[in-house]
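Please treat every number below as a calculation from the coordinates, not as lab data. None of the values given here were measured: they were computed from a predicted structure. Every residue, glycine among them, receives a Cβ derived from its backbone with ideal geometry; neighbour counts consider all protein chains shown.
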Amino acid sequence: MMLWNHTEIKSKLFNILEKIAPEIDPNTVDLDANISYEFEIDSMDFLRMMVEIKEVFDIDIPESDYGKITSLHKLVDYLQRLI
Amino acid sequence: MPSLGADMEDAVLVEWKVKKGDQVRKGDIIAEIETVKGAIDVEVFEDGIVEKIMAKPGQKLPVGAVLAFINTDSVKLHIAVDPEEEKPKEKPMEIPPVKDPPESIPPIEIPPIGDPKRDPIPPEIVPTTDPVRQPPPPEVPFSKNKINGSTRIKASPLAKRIASDLGIDLQVISSSHDSGVIHKIDVENYVKTQRKIQETIPGKSEVASTISAQIPATSKKEKMRSAIAAAMSRSNREIPHYYLETSIDMKKALEWLENENQKRKVKERLLSVVLLLKATALALVEVPALNAYWTEDGHQIQEAINIGFTISLRQGGLVIPAIQQVDQKSLGVIMEEVTDVIQRARTAKLRSSELTEGTITITNVGERGAEKVFGIIYPPQVALIGFGKIIEKPWAVDEMLAIHPVLTVTLAGDHRATDGMTGSRFLEKLNLLLQNPQQL
C-alpha cells in the first residue's frame with residue numbers, strides 16, 4: 001500500500017472535492033467546517049466523495065463511520081489512521 | 001426549438017451534430033442548445049433524413065422556432081424514387097406546440113415534446129424561417145466558437161457562467177489545467193490580469209472598464225430565476241392546487257437500507273431517496289390518477305411512470321430530469337440512473353427527452369433541508385410530491401413513546417384532475433410500501 005502523509009492526503013482530498021464542488025478554493029477552505037454545509041454537499045455528493053476516496057486511497061469508509069468525518073480535518077485524520 | 005419545460009422561453013443553438021443529408025434515427029442527438037439551465041442535447045423523435053438546416057449556431061431562438069426540416073419519408077423515397085423527379089415532403093423537425101407568442105410565459109397546457117401526435121402544431125403558427133426575421137445573435141460567447149471544427153472550447157459550467165456573466169469570450173482565456181478545460185480559476189485569473197494591466201499600464205484603462213461595462217444587467221442566473229418564477233406563478237394562478245401532508249415512520253426503511261448497504265460495495269450503496277422514488281412509483285401503480293397530464297382534452301392518465309426529480313444546480317436554479325419507468329426498475333438500477341442524471345445535470349449534459357417526459361415530480365429537500373416542503377405543480381403534470389428532511393421525533397409504538405426517524409411527505413394535487421381522497425389513498429399506499437422496504 002502506498003504511504004501518504006498529512007499534506008498529501010489533504011491535497012488528494014482537494015482534488016476529489018474539486019470534481020464534486022468545482023467552486024471550492026483550497027486556499028480559503030475552513031478545514032474544521034462541516035463538509036455538508038461548508039461545501040453545500042448533499043448525500044449524493046457525499047457518496048460520490050466516498051467512491052472517489054475508495055478509488056484514490058483504496059479505503060472503503062462504512063456508513064456507520066460517516067458521523068466521524070464531518071469536517072475535512074476529521075476526514076484527513078481518519079484516512080491517515082487507516083493508511 | 002423544443003420546449004424543455006414550462007419555464008423555458010428560448011435557447012441558443014450552440015452546435016449542430018448533423019448536417020444536410022444525414023440520416024437520423026429516433027433518439028439520435030442532433031444538436032446542442034444552451035438554455036438558462038445549461039447545455040442540453042436535443043434528440044430527434046423520428047427516423048428520417050435531414051433535408052434542410054434552418055438555424056445557425058449562435059442564434060437565440062424562441063420555443064417553437066424551426067431548427068431544421070427532416071424528411072421522414074425520405075428513407076423509402078431515396079430507394080424508390082429519384083429525388084430530382086419527386087421532391088420529398090418536408091416535415092418540421094421536432095417542434096412543440098406554441099400557443100402563446102414567444103415573449104409571453106409558456107402556457108401550462110403545453111405537453112412535453114416527443115408526442116406531436118397528441119397536439120400537432122397548426123401550420124399557421126410555425127415561425128417564419130425568413131433570414132430577415134431571424135432573432136438577433138446572442139450575447140453569449142458561443143457564437144464565436146468554431147462549431148464545425150475541432151476548436152470548440154471546453155470549459156466547466158461554472159467557468160462558462162462566470163465568463164458569460166462578465167461578457168468575456170472564452171476564446172481569450174487560457175486553461176491552467178492539463179486537460180485544457182477552462183475552470184473558474186482561469187476566468188478569475190484572466191480578470192485579475194486585465195485589471196493589473198489597467199492599473200500598471202497607462203492608456204490601457206479601457207480594458208478593465210470594458211470588462212465592468214460588459215456585465216449584463218440581467219445575468220443568466222437571474223434569467224433562470226425569472227423563468228422559474230414566471231412558470232411557477234402561472235402554475236400557481238391557473239392550477240387549483242390542493243395540499244395534503246402526512247408523517248411516515250422511516251425506522252424500518254432506514255434500518256433495512258443500512259443493512260442492505262453493508263452488503264454492497266461503496267459504489268453500489270443506495271441512498272434513501274431511491275427507496276422514496278421506488279415507493280412513489282409503486283404507489284402510483286395503485287393510484288394512477290396522479291400520474292397524469294392536464295391538457296385541453298382534460299385529465300390524461302399516463303401509462304409510463306416517469307418521475308421528474310428536482311435537482312438544485314450548484315450555480316442556482318433547478319432542473320427536473322425524469323427517471324423513466326421507475327416502477328419497473330430495481331433499486332440498484334434506479335440508484336445508478338439517479339447518480340448519472342445528477343452528475344449530468346450539474347455538468348450540463350442532459351438530453352432533451354429527460355426534461356420533457358416526466359409524468360409527476362418529486363422534490364426532495366434532503367438532509368440539509370426543511371422538515372416539509374409544499375411544492376407547485378409542474379405543468380402539464382397534475383401532482384407533485386414533496387419529501388422533507390428525515391428527523392428524529394417522538395412516535396407512539398404499541399402504546400409506548402419511542403424516538404423514530406420521521407419523514408414528512410406532502411402532496412400538491414391539481415383539483416381539476418383529482419381530489420383529496422385520491423391524494424390520501426396515494427399517501428397511505430406510500431406509507432405501507434415504506435413499512436415493507438424489502439418488497440421495494
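Figures for the structure shown
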quantity: Fewest-first sequence of A:I20, A:I53 by Cβ atoms within 10 Å of each Cβ; calculated: A:I20, A:I53
quantity: Spherically averaged projected area in nm², based on the convex hull that wraps the Cα atoms of the stretch B:240-439; calculated: 11.8 nm²
quantity: Per-residue HN-Hα couplings for the stretch B:384-400 [Karplus 6.51, -1.76, 1.60; θ = phi - 60°; Hz; x = Gly/Pro]; calculated: 9, 10, x, 10, x, 6, 7, 10, 6, 9, x, 9, 7, 10, 6, 6, 10
quantity: HN-Hα J in Hz across the stretch B:341-347 - Karplus 6.51, -1.76, 1.60, θ = phi - 60°, x for Gly and Pro; calculated: 5, 5, 5, 6, 4, 7, 10
quantity: Across A:K12/B:K154; B:K26/B:K263; B:K20/B:K184; B:K56/B:K160, pairs whose alpha-carbon gap is larger than 31 Å; calculated: B:K26/B:K263; B:K20/B:K184
quantity: Inter-site label distance for A:E55 and B:K265 at 7 Å from Cα along Cβ, in nm; calculated: 1.2 nm
quantity: DSSP-loop trypsin sites (Lys or Arg not before Pro) across the stretch B:247-324, with at most 13 other Cβ within 10 angstrom; calculated: B:R264, B:K265
quantity: Phi-based couplings in Hz for the stretch B:324-329 (Karplus 6.51, -1.76, 1.60; Gly and Pro marked x); calculated: 7, 6, 4, 4, 9, 10
quantity: Residue order, fewest to most surrounding Cβ atoms within 10 angstrom, among B:D398, B:D41, B:D47; calculated: B:D398, B:D47, B:D41
quantity: 5 angstrom amide H check on B:E15, placed H, neighbours 5+ away; calculated: B:E32
quantity: Loop GluC sites (Glu not before Pro), the stretch B:382-440 (other Cβ atoms within 10 Å of the site Cβ: 10 or fewer; DSSP); calculated: B:E399
quantity: Loop-resident sites, the stretch B:299-339, for GluC sites (Glu not before Pro), counting at most 12 other Cβ within 10 Å (DSSP); calculated: B:E303
quantity: Per-selection Kirkwood Rh - chain A (Cα, Å, 1 d.p.); calculated: 12.8 Å
quantity: Spin-label proximity, A:F14 to the stretch A:47-83 - amide N less than 17 Å from point 7 Å beyond Cα toward beta carbon; calculated: A:72-77
